[in-house]
Amino acid sequence: MKYLKSQSGMLLTTVLLVGVSFTFIALAVVQFSLVHYTSSRRSMVALSALSVAEAGGDNFMYNLNQDSNYSGTGGEFTFFSDSVKGKGTYETTATNGSLNNEKIIISTGRVYLPANASRPLVTRKIKLIVRGSEPFSYAVQSGGNGPIYFYGSPNIDNAKIFTNKFIVMQNSGGGISLTRDDIRAADYDHDPSLSTWKCSIDGNSSIHSGTVSAAFNVNNAHCGIDTSGATLSQNDASVVPQPLPTVDKSSILAGISTNLACTDITSTLHLKQANYPDQTGSPNPCNVSLGSNTYTVDDNVYIRGNLTINKSTLVPAATLTHDVYVIVDGTINVPNNNTSITTNANGAAITFVSYSPIDSNGDKNAANAIEIGGSSGVSLGARFLALSGSLGHGGKGSIGPVAALDIVFKGSGSINFLQLTGVPTNSSGWYVQYYEQL
């Protein structure tokens, strides 16, 4: 009996020891599971907070492209709130960068669990450095297969000039002068048999200074480059054909819901955000002629016909904080000296775009899409873009960037190209240059 009692005691002790061991193991497993669960849960919440911060960045970019002065949410904005995910908020702020048209964006994402918690469980931040793009990279640009022609006696100083073809400078009188310019010629689709015409300049004209970069071998007997003052780079592989600036016409027109008769412009002296003429009431296009008055451009404008700006003053509305487009399905003519186009106090500028119809032979280059006069001088603080034709400039004075399939300068005197930084108007205007998780 004593032996049996001893065995029974040993068994009970063993059972107790095993039970305690299993208890400690179970507690360890539970503790590990809790730690793992807490860690996994926190990681998931951290990812959620990062996603919320990035959503804040996306929201900032959207609003910035609607209004270039947009500065952020001004506090926490609730992105989601429910019993499962808790509450997610983002807060965005902006400061100006060191460069022109540069902003530094901080977006803070917070997740509260539960949703009514007074303090966030996880906070994540991101930094974006964004730049506003200038739609025109050059003061003068010809696209397609059109050259840039210099006739008459123009004097162009300190401008960036790009041609997908080559330049032609012909003058039998006082000569043509290009000084301190950055000229790049890609000679797109050239005919090797016409090599001497890749840069055709007569004896009265010269490129005095600046830089000339060409994708071909330059015959300086035909180019008049003063190599004592100008830098010449030949067979430059970095000079490749460039597309003309693009315009998202469909998006711009989609944002114009008002239809007005063309006479509304002359009666109100406003180019309102509208289609001219009323596309439902007048199926035929109309020609708009602006006379010697001051006209305010309220927002993007679409004109189905030709536009003449004669002795007029045009300025974007004072409240505008973004650039505006005047899109013309026809030609644009600025014939007179007494025409003035300016930016407003916010820097908002006007871009004139001509979709001139091609000629009966289907030749877009033959279409005189934009014609600018002003032999005594004009002041045109605006951009001019001919997407399906040529641009002719017969005057002198100041003008913003110009781009067309081919360009002809045929006046006399100095032409000063203005650098319009402007304020971008749509999603292609501002872009993210740098992203960082803080």
### Query
Taking the stretch 129-184 as the region of interest, how many residues are among the polar types (S, T, N, Q) and modelled with pLDDT of 70 or more?
9
### Query
Of the residues that make up the stretch 140-152, is at least one of a type in the set (Ser, Thr, Tyr) and farther than 30 Å from residue 401 by Cβ?
no
### Message
Could you check the stretch 67-85 and list, in sequence order, the residues that are of a type outside the set (S, T, N, Q) and open to solvent by less than 100 Å² (accessible area, probe 1.4 Å)?
### Response
67, 70, 72, 74, 75, 76, 80, 82
### Task
Could you list all residues from the stretch 69-106 that are farther than 27 Å from residue 431 by Cβ and of a type in the set (Gly, Ala, Ser)?
81, 83, 86
## Note on the structure
Checked the stretch 86-103 for anything closer than 30 Å to residue 345 by Cβ, open to solvent by less than 50 Å² (accessible area, probe 1.4 Å) and at pLDDT 90 or above; matches are 92, 94
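The values are calculated or read from the model by the stated rules, or taken from the named source; none is laboratory data. Just so it is clear, the model here is predicted, and its values are computed rather than measured. Every residue, glycine as well, gets a Cβ built from its backbone with ideal geometry; the counts of neighbours run over all protein chains shown. These accessible areas exclude ligands, DNA and RNA; they are computed on the full protein's heavy atoms, side chains included. Shrake-Rupley method; radii C 1.70, N 1.55, O 1.52, S 1.80 Å.
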